[in-house]
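Undergrad: This is the structure, below, for whatever I ask next.
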Amino acid sequence: MEVRTRTEPGGESVLSLSGRLTMVAGNALQTAVDAASAGGARLVVVDLHDVEFMDSSGLGALVGGLRSMRAVGGDLRIARPGAQVRTVLELTTMDRVLRPHETVEDALGAS
């Protein structure tokens, strides 16, 4: 999995993931979330558009990132999940906690 990070003008971080979000890749996601938080970001948006597969370990990595951000008074949001990722979120009812946004811009502007 590849993680690309960009910082928005307001200081928010957008993490664009590509590939498979599994146990092996989960560490890279957590490292990127931690780096964003250490850099001062209080909102991290994870763009899942190019994630072709996510398993329960990948879901755990997203939840871990959410916990990390909330521990510093921030938030983690997800955007543009594909059909397989959306199915995992719905089957586990995690779509209630990690509400998917249709676009990165929607996730950045959500309250």
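All of the numbers you see were taken from the coordinates with simple rules; none came from a lab. Since this is a predicted model, take the numbers as computed values, not measurements. When we count neighbours, we look across all protein chains shown, and the Cβ atoms used for this are built from the backbone with ideal geometry, even at glycine.
Undergrad: Report, by residue number, each residue of region 5-43 that is among the small types (Gly, Ala, Ser), buried (at least 19 other Cβ atoms within 10 Å of the Cβ) and farther than 18 Å from HIS101 by Cα.
TA: Result: ALA25, GLY26, ALA32, ALA36, SER37, ALA41.
For every residue, the table says whether it meets (1) touching a residue at least 12 places away in the same chain (Cβ under 8 Å); (2) farther than 22 Å from THR7 by Cβ; (3) of a type in the set (A, V, I, L, M); (4) touching a Phe, Trp or Tyr at 6+ places or on another chain (Cβ under 6 Å).
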residue	(1), (2), (3), (4)
ASP34	yes, no, no, no
ARG42	yes, no, no, no
ARG96	no, yes, no, no
GLU105	no, no, no, no
LEU108	yes, no, yes, no
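Undergrad: While we're here: Go through region 48-60 and give me each residue that's surrounded by fewer than 22 Cβ atoms within 10 Å (Cβ to Cβ) and in contact with a strand residue (DSSP E or B) (Cβ under 9 Å, 6 or more places away or on another chain).
TA: Within region 48-60, HIS49, ASP50, GLU52, PHE53, ASP55, SER57, LEU59 meet the criteria.
Undergrad: Another question, then. Could you check region 70-99 and list, in sequence order, the residues that are closer than 15 Å to VAL44 by Cβ and under 11 Å from the mean Cα position of the chain (by Cα)?
TA: ASP75, LEU76, ARG77, ILE78, ALA79, ARG80, LEU98, ARG99
Undergrad: When only residues in region 70-88 that are farther than 13 Å from LEU21 by Cα and of a type in the set (A, V, I, L, M) count, which is surrounded by the fewest Cβ atoms within 10 Å (Cβ to Cβ)?
TA: Among those residues, the one meeting the criterion is ALA83.
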